[in-house]
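Comments concern the structure below.
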Amino acid sequence: MSIDTTEPLDRERAHLTASRAALRAMRADAESLDIRDVSANWVNAEVLQQQIERRIEALADLAHTPLFFGRLDYLHAPGADRAEGAEGERFYIGRRHVHDADGDPMVIDWRAPVSQPFYRASRKDPMDIGMRRRFGYTGGRLTAYEDEHLSDPAEADTGSKLLQAEIERPRVGPMRDIVATIQPEQDEIVRAGIGGTVCVQGAPGTGKTAVGLHRVAYLLYAHRERLARTGTLVVGPNRSFLHYIEQVLPALGELHVKQATVDDLVAHVEVRSTDTARAARLKGDVRMAEVLRRAVRDGISTPTEPVVVVRGSRRWRVPAYELEEILGELRARDIRYGAAADALPQRIAHAVLTRMEAAGEAPDDRVQDAVARSQPVRAAAKAMWPPVDAARTVLRLLSEPEFLARCADGLLSEDEQKEILWPKPGRGVKSAPWSAADAVLVDEAMDLVRRTPSLGHVVLDEAQDLSPMQYRAVGRRCTTGSATVLGDIAQGTTPWATASWREALTHLGKPDATVEELTRGFRVPREVIAYASRLLPAIAPDLAPATSVRESPGDLRVRRVAAEELTAAVLAAGRESLEREGSVGLIAADARVPVLAAALDAAGVRYLSPGEETTEQARLTLVPASLAKGLEYDYVVLDEPSAVVDGEPDARTGLRRLYVALTRAVSGLIVVHAAPLPEQLAA
Ligand SMILES: Nc1ncnc2c1ncn2[C@@H]1O[C@H](COP(=O)(O)OP(=O)(O)OP(=O)(O)O)[C@@H](O)[C@H]1O
């Protein structure tokens, strides 16, 4: 390996300049396209114009994201049969494809098959690569390169300094893409086929979120048309997290991926109350799916009267027993409640038509439609299979003890039923005291009535925190597509957090998904992860601690102070951290946040809320422990660990919350406490 700054660098800079010029020309071409002559009608023209505008948008030259970050020199032309004399080819690898005026590639998209060896080739398997070159940039300027001759046995494998520099880079601002340094084990997940669902268990900072986002970008490249039709979605735990990650995909040229929380997906009713932990757990229990199925079907009733249809001078009669048969058949079929309701009048009409034919008439489809729409048939169908409003059904379930008892018979104990009933019955869908867990029930009920449309691919981040009913809600949004499920059992902080990925995947409707594990940590320094891992035996005994790829051991300090000095000491630690480069996160139990906010205000220290972008001027964020998940800061000051633990309904959840808070630091962690540390940490 060599880091060189002489002449070859000039050649590479020249290629960069030429590539940027080529990109500008591509954009100018797109801008000057005149579609008036080629599109026959205005609908086509509109669609075409939109596509062109998207292309122009995607071709923007972003000053701070280098156009290419790597180069591959193949030993032979890819695809050529490697005959002697076949010439090797050189490819520059970047965030998007750039070609010159003749259409020859100047930069290859990182997602293209020829780019793959950039991420995967090794000395063991050089993948026909003679040389792999990585480029280093400083403020948009190409300043260094690093070569590996993978087939040269004499060259020592010393690891990449540029990779190391990228990992150690001080953090400011939102999450960035890792496209220049995706690691082989990450690349395998990024490029896994679209057909299957992949679940990734990974310790804090192993790149789960990064991998999930790059996977979406990869799938959009490899299956652009299909996914443009069906759509893609990234699901994250909360708004601040979504703000933190929202610029990664646009930087990769993907501007149209939806991002949402689970609550957003099921926002059919206004959430205005909170459940007890026990009620929320019960409402998230998978038994509720069957309770709801019964509730939705509760109104179905066996006919006792025949249907009589009058046409002209004749009366046609379908007896009750035959109606009952039709009903039985519909009940047994695995179709949505609403679809069955739509089908029922047609079925009854069919029975009428059979009678007409038997009597020598020759009715056609129009007659069948007319019969199906006739008043007696519609009335009978409505009585047998009444229309259902999903939200009203759930409202009744949570308001009427007898209705709940009927639907939950043999599923929920009396005690459990009491627990989930609202203290006061809801009056109407608009004003009822819906909780977040109730909204998920409404979503399930809606899907029982009408099938929820499925997307092509869904990425589910921080998946460990979902309840079985929430997994089902996400799962029905990818029934015909696939999913990437990312999480860490040790970071599960909801009372219903999953204990097993197999189980979670079953609820999601993807029981055959493959489960991969990532163990190399890119965020948390060695000493800090070792400290946090003291909690693992108590919170997730089956998981191995992550290893850290960071060279610096990290800066870990634990300070005990007198109770009355706690806030001042935390403030001092915050100030101390601000003297270093990069972002600072002051993490505290939610209940401690107002006190710390007041202290920061009084001291004139400017601070942000999670999700607000850190800048060179505003680098300190005050983070309630409940929002720390998924975020990272260069330096973390952790206020009173025992308060973080005590903020949760049970000790295990508390320790998991603490584990999340302890694993947000990139460079250093200062723990400040007045109360004794939790014994697992003090050990
Ligand atoms: N291959 C890589 N090259 C450079 N940086 C990386 C790489 N993989 C991950 N990182 C960085 O490591 C940090 C942690 O990544 P990420 O947030 O994706 O981890 P995570 O597994 O989702 O963590 P958590 O469990 O805490 O949510 C991020 O700053 C990310 O950019």
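The values are calculated or read from the model by the stated rules, or taken from the named source; none is laboratory data. Quick caveat, the model's predicted, so the values are computed rather than measured. Counting neighbours? That spans all protein chains shown, and the Cβs are built from the backbone with ideal geometry, glycine included. All accessible areas refer to the heavy atoms of the entire protein, side chains included, with ligands and DNA or RNA removed. Shrake-Rupley method; radii C 1.70, N 1.55, O 1.52, S 1.80 Å.
Stretching the chain fully between Glu517 and Met127 yields a gain of 137.9 nm (0.36 nm per residue, less the alpha carbon separation). Expressed as a whole percent, the accessible surface of segment 83-224 that belongs to carbon and sulfur atoms is 52, based on a 1.4 Å probe. Once each part is reduced to its C-alpha centroid, what is the distance from segment 298-369 to segment 229-245 in angstrom? For segment 298-369 versus segment 229-245, the Cα centre distance is 47 Å.
Take the chain with all the other protein chains still there, run a 1.4 Å probe, and you get 45 Å² of accessible area per residue. Cross-link partners for Lys510 among the aspartates and glutamates, with Cα-Cα distance under 13 Å and sequence neighbours closer than 8 places in the same chain left out, do not exist in this structure.
For segment 211-287, the set of trypsin sites (Lys or Arg not before Pro) satisfying both a DSSP loop assignment and a count of at most 13 other C-beta atoms within 10 Å is given as Arg272.
The Cα trace of segment 639-683 gives Rg and Dmax of 10.3, 31 Å, the first to one decimal, the second as a whole number. If R0 is taken as 60 Å, the Cβ-Cβ distance between Leu411 and Asp10 corresponds to a FRET efficiency of 0.25. Given +1 at the Cβ of Lys and Arg, -1 at the Cβ of Asp and Glu and no other charges, the dipole of segment 307-384 around its Cα centre is 340 debye to the nearest 20. Remark: segment 182-187, residue by residue, has Karplus-estimated 3J(HN,Hα) of 3, 8, x, 5, 6, 4 Hz, where x stands for each Gly or Pro and the curve is 6.51 cos²θ - 1.76 cosθ + 1.60 at θ = phi - 60°.
Dipole magnitude for the chain: computed about the Cα centre from +1 point charges on Lys and Arg Cβ and -1 point charges on Asp and Glu Cβ, it is near 1920 debye.
Listed by chain and number, the lysines placed with their C-alpha closer than 27 angstrom to that of Lys382 are Lys430; residues fewer than eight positions away on the same chain are left out. When a/c reaches 1.5 or more, the comparison of a/b and b/c decides; with that in mind, is segment 261-415 rounded, prolate or oblate per its Cα gyration tensor? Cα axes put segment 261-415 in the prolate bin. Ranking Ala343, Gln375, Gly328 by Cα position along the charge dipole of segment 307-384, where only Lys, Arg, Asp and Glu carry charges on their C-beta atoms, puts Gln375 farthest toward the positive end. Normalised by the number of residues in the chain, the average gap of Cα pairs under 8 Å and 6 or more apart makes the relative contact order 14 percent.
Across the chain, Cα-Cα pairs farther apart than 48 Å form 30% of the total.
Loop only per DSSP, at most 14 neighbouring Cβ atoms within 10 Å: give me the GluC sites (Glu not before Pro) in segment 532-599, ordered by residue number.
Of the GluC sites (Glu not before Pro), the ones in loops of segment 532-599 whose Cβ has at most 14 other Cβ atoms within 10 Å are Glu551, Glu579, Glu581.
Restricting to DSSP loop positions (anything but H, G, I, E, B) with no more than 16 other Cβ atoms inside 10 Å of their own Cβ, which GluC sites (Glu not before Pro) remain in segment 116-202? In loop regions of segment 116-202 (DSSP not H, G, I, E or B), the sparsely surrounded GluC sites (Glu not before Pro) are Glu155. Calculated mean residue ellipticity, 222 nm, the chain: -12000 deg cm²/dmol, from DSSP H runs (n ≥ 4) at -39500 (n - 2.57) each, averaged per residue and rounded to 500. Placing +1 on each Lys and Arg Cβ and -1 on each Asp and Glu Cβ, with no other charges, gives segment 526-682 a dipole about its Cα centre of roughly 260 debye.
Just to confirm a number: summing +1 for Lys and Arg and -1 for Asp and Glu over residues other than Val645 whose beta-carbon lies under 11 angstrom from that of Val645, what do you get?
-2
If I take every Cα pair under 8 Å that is 6 or more residues apart in segment 526-682, average their sequence separation and divide by the length, what percent do I get for the relative contact order? About 33 percent, as a whole number.
Just want the answer: with Cβ charges of +1 for Lys and Arg and -1 for Asp and Glu, which residue in Val286, Leu608, Val458 is farthest toward the dipole's positive end in the chain? The one lying farthest along the dipole's positive direction is Val286. Take the Cβ atoms of Gln247 and Ser301, set R0 to 35 Å, and the FRET efficiency comes out at 0.05. On full extension, the segment bounded by Val172 and Arg315 gains 43.5 nm, given 0.36 nm per residue less the C-alpha separation. Simple spin-label model, 7 Å along Cα-to-Cβ: Ala339 to Glu325 in nm? With each label placed 7 Å out from Cα toward Cβ, I get 2.4 nm. Considering the dipole of the chain built from charges on the beta carbon (Lys and Arg +1, Asp and Glu -1) around the Cα centre, which of Leu142, Thr480, Met446 is farthest to its positive end? Comparing the listed Cα positions along the dipole, Met446 ranks first.
Modelled label positions at Asp29 and Ala45, each set 7 Å beyond Cα in the direction of Cβ, lie 2.5 nm from each other.
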